[in-house]
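Engineer: Quick one: this structure, given as structure tokens, is what I'll be asking you about.
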Amino acid sequence: MSPGAYANVCLEVTVRNLAVDSVLQSVMVNELEGSGGATAFDSVSHTLDEYKNGEAPRDLTLGESNVSTLMFNILKSMIKAWLLDKVRNNFESPASLAIDHFWRWISSSASNMYDPSLHRFVHGLMRKTFIQLLAEFKRLGSHVVYADFSRILLATSKPPGTAHAYATYITTAVTANELFQHIYLNPDRFYDFLLFMDQANMGGIVCENPLALEPPEELALEMRWNIQEFLPPAIHDDFHNVVQYFIVELFKIKQRTNGASRVPLRAVPNGAPDLTQRDVGKTREIEAVLEFISRRLTRRMLKVVGNVQERYHDSLMQAEPDEDFDFPVKPGSHLHLTRPPLEFVKFACAAFALARDHQVEIGLLKRTLLELINVREFANDAIFRNPCEPLKLPNVPCRHCDALRDFDFCRDPELIPNNLEVSPKWLCADCGGEYDRTAIEFALMQMVVTMERNFAQQDLKCARCQQIRSENVSMHCQCSGTQVFTLSKADMRRKLRTIVNVATVHKLGRLKERSQFILSSW
């Protein structure tokens, strides 16, 4: 993940069929990493005498997983047969269903195809293939902003207006590589400007028609800021408006700079590359942004913060304080927030600071706003901390299609209950099918068990030199430092409290009972 402000075209690419491609291209993945021979995932058959004499590997090892060579070869041959049958029958045979749901059958403990070691082995292959896929995008000149097994967010060096052509080129070039020939890449969203903090906190100018030759008359904005939900309801609109104003103005400055820098072609003398035009355009853009931050944005923020502070003081003077200035309690809440004007300044400046090239000016703006509310610049209260503790369940497959999705229970607005339905449904964004709540609840329970086991089996480390304890008897390190936990008990308790909150909100009784029992024993 790479937070920042991206003024050029950004693409969101959907990834499909990664598990199938990883198994079929396992030999090539191994060769790219420099392995071969006895450690390669090849399909060479061996006789019983070769196994008896130790001349052939009995198992394949990848990380903590260990599968037999024969089992992996059978799996690979079966997928090849499915894929061939799918192509021969024009994607209408039962093999199409088997290919689409291969990862779900491999990863679900309710499936007859499930084996824990095979599941970990295939997941390791998917991870290696995915890393090679990201490296290929980088080699073609794109910057990876965010990536998971289901989607990739890319920042390009192309100006607005070239989104569709570049997306077609880059997806065609990547899938032309033999290693990725079974992966489906589909660009489904384009941004002309993007302000990205993380997958739950982002905003940008969406390009609704990438084939259009002329820019649209009205800008289409996308605003997804989870941190806004942790502010009091009375100042939600203030935060939304100032961040939107920041994004739109930076985009307009970039547009004006690009328009002014387009001049007719002229002859350039040999041996003297002309960089003046590009440097002048970049200088003008920086000066325009600096002028915008130091004048217009500063004046607007001073006015908004003053208005927020005045309304907050008025509510405190009332006999019954306004509930709209109370901080909401969400499933991921883990900070004690008390001052709405201070949190508004911190959250807004955290969004502005994503423009890395102008951090000095944003720092001056934040200092000015903090002085307005009588807070020191370097005080502990002035440090921004994300108010939401995330709880993610990665790579959840849909029962009705081949889509994978990371369930972020604390930050995804589609998963947060609306207090209108007793048990709201979790629907797939691609096909509209319903996810299996029971299977997801058991997966979260397994996550709790894994957390408990990891804490119980953790190593101790030296508090001074940070070295892992090598002797089980000594109470102190060789440097005389004391031995402490590698995993903090406070972090474990915070995560367990978040799981309890999520189980309470989503009415997952078994998960709540299990996590509460472990939390009470700690």
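Engineer: Going by what's in this entry, would Tyr191 be described as hydroxyl-bearing (Ser, Thr, Tyr), open to solvent by less than 10 Å² (accessible area, probe 1.4 Å) and more than 30 Å from Leu316 (Cβ to Cβ)?
Structural biologist: Yes.
Engineer: If you don't mind, another one. Looking only at residues in the range 14-26 that are out of contact with any Ser or Thr (no Cβ under 7 Å at 6 or more places or on another chain) and hydrophobic (A, V, I, L, M, F, W, C), which one is nearest to Val289 (Cα to Cα)?
Structural biologist: Ala19
Engineer: Could you grab me the full set of residues in the range 355-413 that are among the basic types (Lys, Arg), part of a helix (DSSP H, G or I) and without any contact (Cβ under 8 Å) to a residue 12 or more places away in the chain?
Structural biologist: Arg367
Engineer: Where in the range 63-172 are the helices (runs of 4 or more DSSP H), entirely inside, with at least 3 residues that are touching a residue at least 24 places away in the same chain (Cβ under 8 Å) and over 28 Å from Met202 (Cβ atoms)?
Structural biologist: 69-88, 102-107, 116-139
Engineer: Also: Out of the residues in the range 199-226 meeting the condition of being part of a strand (DSSP E or B) and open to solvent by 10 Å² or more (accessible area, probe 1.4 Å), tell me which one is modelled with the lowest pLDDT.
Structural biologist: Among those that are part of a strand (DSSP E or B) and open to solvent by 10 Å² or more (accessible area, probe 1.4 Å), it is Ala220.
Engineer: Where residues in the range 457-483 are of a type in the set (Lys, Arg) and part of a loop (DSSP other than H, G, I, E, B), which of them is modelled with the lowest pLDDT?
Structural biologist: Among them, the one singled out is Arg469.
Engineer: Output the residue which, of all residues in the range 173-226 that are among the β-branched types (Val, Ile, Thr) and in contact (Cβ under 8 Å) with a residue 12 or more places away in the chain, is farthest from Thr129 (Cα to Cα).
Structural biologist: Among those residues, the one meeting the criterion is Ile205.
Engineer: Kindly evaluate Val448 against the criterion of being in contact with a Leu (Cβ under 9 Å, 6 or more places away or on another chain), among the β-branched types (Val, Ile, Thr), open to solvent by less than 80 Å² (accessible area, probe 1.4 Å) and free of Cβ contacts under 8 Å to residues at least 40 places away in the same chain.
Structural biologist: no
Engineer: Oh, and also: Would you check which residues across the range 472-500 are touching a Cys at 6+ places or on another chain (Cβ under 8 Å) and among the polar types (S, T, N, Q) and list them?
Structural biologist: Thr482, Gln483, Thr498
Engineer: Answer yes if at least one residue in the range 378-387 is surrounded by fewer than 20 Cβ atoms within 10 Å (Cβ to Cβ) and among the charged types (D, E, K, R), and no otherwise.
Structural biologist: Yes, the range 378-387 contains a residue that is surrounded by fewer than 20 Cβ atoms within 10 Å (Cβ to Cβ) and among the charged types (D, E, K, R).
Engineer: Still on this structure: Mind listing just one residue for me: the one in the range 506-522 that is part of a helix (DSSP H, G or I) and in contact (Cβ under 8 Å) with a residue 40 or more places away in the chain and, of those, surrounded by the fewest Cβ atoms within 10 Å (Cβ to Cβ)?
Structural biologist: Arg510
Engineer: Within the range 288-330, can you find the residues that are aromatic (Phe, Trp, Tyr) and over 33 Å from the mean Cα position of the chain (by Cα)?
Structural biologist: Listed by number, the list holds a single entry, Tyr312.
Engineer: Let me ask another. Could we say that Asn454 is in a helix (DSSP H, G or I) and touching a Cys at 6+ places or on another chain (Cβ under 9 Å) here?
Structural biologist: Criteria not met by Asn454.
Engineer: Sticking with this one: Cβ-Cβ under 7 Å, sequence separation 6+ or interchain: first residue in the range 289-309 and in a helix (DSSP H, G or I), partner open to solvent by 10 Å² or more (accessible area, probe 1.4 Å) and among the charged types (D, E, K, R). Which pairs?
Structural biologist: Leu290/Glu361; Phe292/Glu249; Ile293/Glu361; Ser294/Glu361; Val304/Asp238; Val308/Asp238
Engineer: Being touching a residue at least 40 places away in the same chain (Cβ under 8 Å), surrounded by 11 or more Cβ atoms within 10 Å (Cβ to Cβ) and in a loop (DSSP other than H, G, I, E, B) is the requirement here; does Ile440 meet it?
Structural biologist: Spelling it out, it is not the case that Ile440 is touching a residue at least 40 places away in the same chain (Cβ under 8 Å), surrounded by 11 or more Cβ atoms within 10 Å (Cβ to Cβ) and in a loop (DSSP other than H, G, I, E, B).
Engineer: I would also like to ask the following. Output yes when any residue across the range 484-505 is crowded, with 17+ Cβ neighbours inside 10 Å, not aromatic (Phe, Trp, Tyr) and not in a helix (DSSP H, G or I), and no when none is.
Structural biologist: no
Engineer: Continuing with the same structure: Out of the range 453-483, which residues are open to solvent by less than 70 Å² (accessible area, probe 1.4 Å) and in contact (Cβ under 8 Å) with a residue 24 or more places away in the chain?
Structural biologist: Phe455, Gln458, Leu460, Lys461 - these are the residues of the range 453-483 that are open to solvent by less than 70 Å² (accessible area, probe 1.4 Å) and in contact (Cβ under 8 Å) with a residue 24 or more places away in the chain.
Engineer: Would you be able to tell me the number of residues in the range 86-122 that are open to solvent by 60 Å² or more (accessible area, probe 1.4 Å) and more than 30 Å from Leu444 (Cα to Cα)?
Structural biologist: Counting residues in the range 86-122 that are open to solvent by 60 Å² or more (accessible area, probe 1.4 Å) and more than 30 Å from Leu444 (Cα to Cα) gives 7.
Engineer: Going through the range 227-253 one residue at a time, which ones are open to solvent by less than 10 Å² (accessible area, probe 1.4 Å) and either outside any helix (DSSP H, G or I) or aliphatic (A, V, I, L, M) (or both)?
Structural biologist: Ile227, Leu231, Pro232, Ile235, Val242, Val243, Ile247, Ile253
Engineer: Within the range 315-343, count every residue that is modelled with pLDDT under 90, outside any loop (DSSP other than H, G, I, E, B) and among the acidic types (Asp, Glu).
Structural biologist: Adding up the residues that qualify gives 2.
Engineer: Of all residues in the range 55-85 being more than 23 Å from Arg127 (Cα to Cα) and open to solvent by 70 Å² or more (accessible area, probe 1.4 Å), which is modelled with the highest pLDDT?
Structural biologist: Leu84
Engineer: Say we look at the range 192-250 and pick out the residues that are acidic (Asp, Glu) and in contact with a Cys (Cβ under 9 Å, 6 or more places away or on another chain); which of these is farthest from Asp322 (Cα to Cα)?
Structural biologist: Asp192
Engineer: If you don't mind, there's one more thing I want to ask. In the range 344-354, which residue that is open to solvent by 10 Å² or more (accessible area, probe 1.4 Å) and in a helix (DSSP H, G or I) is nearest to Ala5 (Cα to Cα)?
Structural biologist: Here the residue is Ala350.
The values are calculated or read from the model by the stated rules, or taken from the named source; none is laboratory data. Bear in mind the structure is a predicted one, so any value in this text is a computation, not a measurement. Using ideal geometry, Cβ is built from the backbone for each residue, glycine included, and neighbour counts are taken over all protein chains shown. When the accessible area is computed, the model is the full protein with side chains, heavy atoms only, and any ligands, DNA or RNA have been set aside. Shrake-Rupley method; radii C 1.70, N 1.55, O 1.52, S 1.80 Å.
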